[in-house]
Amino acid sequence: MLDTNICIHAIKRNEPEIVRRLERTRPRDVAISGVVAAELWTGVIKSRERQRNELALKDFLAFVEVLDWPSEAARVYGEIRAALEAKGRPIGAMDLLIAAHTIHARAVLATRNRDEFARVDGLRVESWD
């Protein structure tokens, strides 16, 4: 699964290495959480170049599979959040949702935010730095 930051670079095509990695990946192996899609849509709606960015996002969403956030991931979310809060090392709410979805899906999260996601026990993370 791709984290939001990877998607943004892929859509903007401003990081050649990310674009190359995605081009080498089979489309059926590329997915994003519906949570990531929500973050991407928020960026489009808030942008100054909304029409252009909306077209770019729609092109990207045609390439990836968008996975609905399953209600079964709610328990995983609760476990992650409670564990991180007990350690005094919480992460952002959207990142918690993405982490829970990735664990529930038994997937690997591709991100440029490894430090934050590394706090989540059981989450497999691949750094795309």
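The values are calculated or read from the model by the stated rules, or taken from the named source; none is laboratory data. All figures in this text were calculated on a predicted structure; none of them were measured in a lab. Neighbour counts run over all protein chains shown; Cβ positions are idealised from the backbone, glycine included.
Kindly indicate whether Ile18 is closer than 25 Å to Gly92 by Cβ, not in a helix (DSSP H, G or I) and not acidic (Asp, Glu). Considered against the rule, which asks whether it is closer than 25 Å to Gly92 by Cβ, not in a helix (DSSP H, G or I) and not acidic (Asp, Glu), Ile18 comes out as no.
Selection of region 1-49 for residues being of a type in the set (Ser, Thr, Tyr), more than 23 Å from Leu97 (Cα to Cα) and either within 14 Å of the chain's Cα centre (by Cα) or at pLDDT 95 or above (or both) yields only Ser47. Residues that are out of contact with any helix residue (DSSP H, G or I) (no Cβ under 7 Å at 6 or more places or on another chain) and outside any loop (DSSP other than H, G, I, E, B) within region 101-115 comprise Thr102, Val108, Arg114, Asp115, listed in sequence order.
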